[in-house]
Amino acid sequence: MSISIWDGFSVDWTDLFGQDWNVRAGDMAAHQKEIGRAAAAVAALRKTGRGPRAGEEVLFPHLPYLFQEKRLISPEEIAAMQALSAECRGGFDALLSVGIGGSYLGDQVLFDTCCGPYWNLMTPEERSGRPQVFFAGQTADPEALASLLRYLRSQAEKKEGPYRVLVLVISKSGTTVEPSGALSVLEEALPSFCAEARFIAITDAKKGKLLEDCREKGWTHFVVPEGIGGRFSVFSQVGVVFAALLGLDTEAFLRGAARTEEACRSEDWRTNPALALAAMKYIATVRYGVTAEITMPYSSRLASLGGWYAQLLGESLGKKETVDGQPAYGGRTPVCAVGTTDMHSLTQEHQEGRRNKLLQFISVDEPAAYLDFRLTEGGRPCTVAMSHVLDAALRANAAALASAHKMSCRISIRKLNEEYLGGLMYFFFLTIAYEGAMAGIDAYDQPGVEAYKKILHGDLAHFAG
Ligand code: PA5
C-alpha cells in the first residue's frame, strides 16, 4: 500500500506491514503505549524545543523555517551568505568543504544529488561560474589530503589567471581532530600556490578553537545554532550556506522539509506516515529480531544518502540505556547499498542470509535521463527503457525478499531536486525522532563516541609541547 506524504512523495510499506510474516496490524495495537508516548513526546518537542533529558535543547523541527527564525540565523548571516553566494559565481575556482560526521555527510548528499558526479569535470561556464567542489577533513588519511593539494596545485599552475580557493570549515565544536588538522595543513599549503585562499567557517556561536581563529583572523563565520546536533544540521547553516555557495535552491530545500514537517504532525499513526513507519521499524526490531537496516536507493545520485542516514540511525538509536537508565533495545546496524549495483553483491545475503534485517528502498519516479537498453530476453531481442529496468529491478528485489519473508519498505520521490531531497531527509529526521521516543532513549546525544575519543586524545597528547 502506497501512502502519500505529500504530492509526489510517498511511502509503501506493503512488505513491512499487514501480512502474517511481517509487522501485523495487531502489533500496532499491542505497542500503542510506546507509539502514543512517542507521538506526544515529539509533539511536545515541537512546542518546547526540549529533548528527553532535562535541560537538553532540541530545535530541529524549527529548521524548515530557518529563514524566518531569527534565533537560529541572524539577518547578518543571511546577508553574508547571499554576498558569498554571489561572489562564488565566477569568483572562486574551487570550494573546499572541510568537516566530518554531521558537519560533512549532509553536504556531500546535497552536492552529489544536486550537482551530479561530473560537476568537477565541467567547464566553469557549464557550472554557471560556480567553483569545483572538494571535501576534506573527513578522514585522517594523509593520502587523501595530499592528493587533493597536488590536484589543486596543478590546476593553479595550468590556469592563466589568478587561482582562487574558498575554504569552508564546518565544525560545531571547533575542536574535532580531522577538520582542525586539515585546516592547519590547508592554511599552510594553499597560500604557496593560490592567488587567494580565503577561509570562512560555520561553528558554535560562543566557544571553540575555530571560533577563536575566526575572531583572530577576521574570517567570516556562521553559527551552528544551539540545539542542533551535527546529524540534524543539514537544514541549518551547515547545509544551507554550502548549498548557497553552489547556487542551489535553498528555499526549495527548506520548503521540502516544511512540507514533510506539516504532513507528519498527527498523533495518530494512521494519519502520520513518519510515525507509522517509525512504529513498524521499531516493532520489527523489538518483536521480530531485526537488527540491521539496509538503505538502498535506486539512484546513483542518492548513493551518499545512505551514509548520511547511517549516521542518523546509528548515532541516534544505538544506545545502551533508556533515559530512565534501563537497558535499551540498541537500534539497528545501518548498512548502505545502491541499486542495482549491490544486487550483484549484497542481495545474496539479504535473500538467503539471516532474517534479521529490513530493507529501505528509495526510488525516484521521474527519470532525469532517457536511454534504452537493447537486450535479449527469452532468446528474442527487445528494447527496454533503462528507467524501466531500474524500477523493475527494485520491484523484483522486493518481491523476491517478500517471498523469503524478508521485510522491506519503499520511499518514492517524484524527482531529484532540492525540494524533494529536503522532504526526504527531513522525513528521516522525524522517523528517527519518533522511534527514539518509542524506545525511551535519548536520540540526540552520542555518548558512545567518547570512549575512543578519550583513548585517541590520550595518544595525541604525547605530542603536546
Ligand atoms: O553527530 C555528531 O555529533 C558527530 O558526528 C559530529 O558531527 C562530528 O564528530 C563532527 O563534529 P564537529 O562538528 O564538532 O566537528
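A short reminder: the numbers here are calculations on the coordinates, not readings from a lab. Here the structure is a predicted model, which means the values were calculated and not measured. Cβ coordinates were reconstructed from backbone atoms using ideal geometry, including for glycine residues, and neighbour counts include every protein chain displayed.
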Using only Cα atoms, tell me the angle between helix 418-439 and the longest principal axis of the chain; keep it within 0 to 90° and round to the nearest 10.
60
Would you compute, for the Cα atoms of the range 1-150, the largest minus smallest coordinate along each principal axis and list the three values in descending order, in whole Å?
59, 39, 37
Considering the convex hull of the alpha carbon atoms of the chain, report its projected area averaged over all viewing directions, in nm², one decimal.
24.4
For the range 284-425, what relative contact order do you get, as a whole percent, if you take Cα pairs closer than 8 Å and at least 6 residues apart?
27
Of the trypsin sites (Lys or Arg not before Pro) in the range 1-96, which ones lie in a loop per DSSP and count no more than 16 other C-beta atoms within 10 Å?
Arg24, Arg53, Lys70, Arg71, Arg89
Show me, bin by bin at 10 Å from 0, the whole-percent P(r) of the range 113-166 based on Cα pairs.
19, 50, 29, 2
Between the range 178-194 and the range 354-383, what is the separation of their alpha carbon centroids in Å?
44
Nearest 10 degrees, 0 to 90: what angle lies between the long axis of helix 250-263 and the longest principal axis of the chain (Cα atoms)?
30
Restricting to the chain, what percent of DSSP beta bridges are antiparallel, rounded to 5?
30
For the range 306-449, report the convex hull volume of the alpha-carbon atoms normalised per residue, in Å³, without decimals.
130
